[in-house]
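Have a look at the structure below before the remarks.
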Amino acid sequence: MKFKKLRIFFKNFAAGRKALFAKIGVSIGTALVFKQLILWIADSKSLCDVLKNTQWGWINLYELLTQPWLYLAIALLSALLSQSSFSHFSKKIRNTDCWIDISMADIFENKGQILIPCNNIFFERLPYVGKNSIQAQLIKRMSKRKRKETTQDQLGEMISKELSKPDYKECEIEGKKQELGGEQYQVYEYGTIVPLSVKVDKKDRDILLSAMSEITEQGVSTIDSETLLQNIDKMWDYIAAHHTGDDTLVVPIMGTGSTRVPMPKQVVARYILYTFAERSAELGIRKLILSVYPNDYLSDNINLEELRTYANFLCKFPNRDFSI
């Protein structure tokens with residue numbers, strides 16, 4: 001994990017080099033102006049004598065403050081430190097109280113409700129949900145309530161209890177069942193959301209399981225590109241109608257796990273941002289955090305600089321049409 005963070009740290013400099021050089025230029029200019037101001041203040045006789053008589057070991061304070069390299073070093077360091085935040089973006093959407101954030105980190109490190117894509121029968125058993133999916137991570141990192149109870153059993157019990165509520169009758173696709181492992185399961189409309197409160201890494205978290213893909217009889221989640229975009233719209237429809245959103249909603253880039261969506265992840269990411277900006281006023285969500293999987297960034301499946309530029313444009317012009 002530390003090695004991965006180091007790779008991300010250095011890639012940030014390469015990806016945002018234009019911004020970095022601009023920051024260095026501004027920082028150097030500011031530092032030189034600050035240096036001249038210090039020299040002007042230090043030139044007063046009383047202060048000059050004090051500075052010349054002040055020693056920190058072998059360093060004379062007056063000589064230190066009059067060295068140009070000190071200010072250039074401070075400028076360079078401040079520019080580098082500011083560039084380390086390249087992987088984080090936050091901006092308010094114009095004429096709203098809503099924000100768009102982009103965060104590249106473990107999705108469970110973000111604060112707020114976490115939306116987890118799920119199959120449309122809400123089947124929770126490993127390995128059917130896919131070892132690379134966020135749902136699989138959830139199962140592995142949930143805290144057990146009982147010594148003999150598995151987290152899969154625990155999650156399944158919570159899902160069944162929620163789906164037994166009368167409200168979910170309207171979300172069922174009438175007459176449609178899915179066979180899996182010799183059992184029949186009810187199929188739900190895409191976009192249907194099951195809210196759960198669970199302990200992840202021993203911390204209380206609010207989770208939203210959202211039906212986004214089909215699951216085959218072989219237990220493989222699948223979805224095509226066009227349907228995925230439609231399902232993102234249906235997910236927002238459900239949130240708007242049922243007010244499931246908290247102040248902050250953390251959303252991954254759909255299709256980066258086990259569903260193998262053929263559409264580029266960059267397009268899916270842009271569509272999530274676009275649809276949220278377009279509908280933010282009706283969703284009851286103050287902040288959307290788009291969670292970028294670090295490996296997608298390191299493998300160039302996600303262009304973070306372009307995504308930041310697009311998000312910035314959306315915040316300024318939220319009503320523009322979506323374009324791939």
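The values are calculated or read from the model by the stated rules, or taken from the named source; none is laboratory data. Bear in mind that the values here come from a model prediction, so they are computed numbers and not experimental data. Using ideal geometry, Cβ is built from the backbone for each residue, glycine included, and neighbour counts are taken over all protein chains shown.
Among the residues here, ARG145 does not qualify as of a type in the set (Lys, Arg) and under 22 Å from ILE107 (Cα atoms). Among residues of region 274-312 being among the polar types (S, T, N, Q) and buried (at least 19 other Cβ atoms within 10 Å of the Cβ), the one that is nearest to the chain's Cα centre (by Cα) is SER291.
Just one of the listed residues (LEU209, LEU196) is of a type outside the set (S, T, N, Q), closer than 20 Å to PRO127 by Cβ and assigned by TED's automatic domain parsing to the domain that holds GLN152, namely LEU209. Picking from residues in region 65-117 that are small (Gly, Ala, Ser), closer than 28 Å to ALA136 by Cβ and modelled with pLDDT of 70 or more, the one that is surrounded by the most Cβ atoms within 10 Å (Cβ to Cβ) is GLY112. When residues in region 157-204 are screened for being in contact with a Lys or Arg (Cβ under 8 Å, 6 or more places away or on another chain), at negative phi and of a type outside the set (Asp, Glu), 9 of them pass. The residues listed here are GLY219, GLY191; of these, the one that is in contact with a Phe, Trp or Tyr (Cβ under 6 Å, 6 or more places away or on another chain), within 23 Å of THR151 (Cβ to Cβ), among the small types (Gly, Ala, Ser) and in a loop (DSSP other than H, G, I, E, B) is GLY219. Selection over region 125-168 of residues that are surrounded by 14 or more Cβ atoms within 10 Å (Cβ to Cβ) and among the small types (Gly, Ala, Ser) gives a count of 4. Number of residues in region 313-324 that are surrounded by 13 or more Cβ atoms within 10 Å (Cβ to Cβ) and in a loop (DSSP other than H, G, I, E, B) equals 2.
One line per residue, one yes/no per condition, for (1) of a type outside the set (A, V, I, L, M, F, W, C); (2) touching a Pro at 6+ places or on another chain (Cβ under 8 Å); (3) more than 19 Å from MET254 (Cβ to Cβ):
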| site | (1), (2), (3) |
| --- | --- |
| LYS140 | yes, no, yes |
| SER143 | yes, no, yes |
| LEU180 | no, no, yes |
| GLU183 | yes, no, yes |
| GLU189 | yes, no, no |
| VAL220 | no, no, no |
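Restricting attention to region 271-309, the residues that are in contact with a Leu (Cβ under 7 Å, 6 or more places away or on another chain) and in a helix (DSSP H, G or I) add up to 7. In this structure, is ALA241 free of Cβ contacts under 8 Å to residues at least 60 places away in the same chain, surrounded by fewer than 15 Cβ atoms within 10 Å (Cβ to Cβ) and in a helix (DSSP H, G or I)? When the stated conditions are applied, ALA241 passes them. For the condition in the same structural domain as ASP224 (by TED's automatic domain parsing), part of a loop (DSSP other than H, G, I, E, B) and either under 21 Å from the mean Cα position of the chain (by Cα) or over 16 Å from ILE207 (Cα atoms) (or both), what is the one hit in ILE121, ILE139, ILE116, ILE102? The unique qualifying residue is ILE121. When ILE324, ILE253, ILE302 are checked against the criterion of being modelled with pLDDT of 90 or more and not acidic (Asp, Glu), a single residue qualifies: ILE253. Before we move on, is TYR271 of a type in the set (Ser, Thr, Tyr), surrounded by fewer than 18 Cβ atoms within 10 Å (Cβ to Cβ) and at pLDDT 90 or above? No: the conditions fail for TYR271.
Just one of the listed residues (THR151, THR216) is free of Cβ contacts under 8 Å to residues at least 40 places away in the same chain and touching a Ser or Thr at 6+ places or on another chain (Cβ under 7 Å), and it is THR216. Scan region 157-182 residue by residue and report those that are part of a helix (DSSP H, G or I) and among the small types (Gly, Ala, Ser). Once the filter is applied, which keeps residues that are part of a helix (DSSP H, G or I) and among the small types (Gly, Ala, Ser), region 157-182 yields only SER160.
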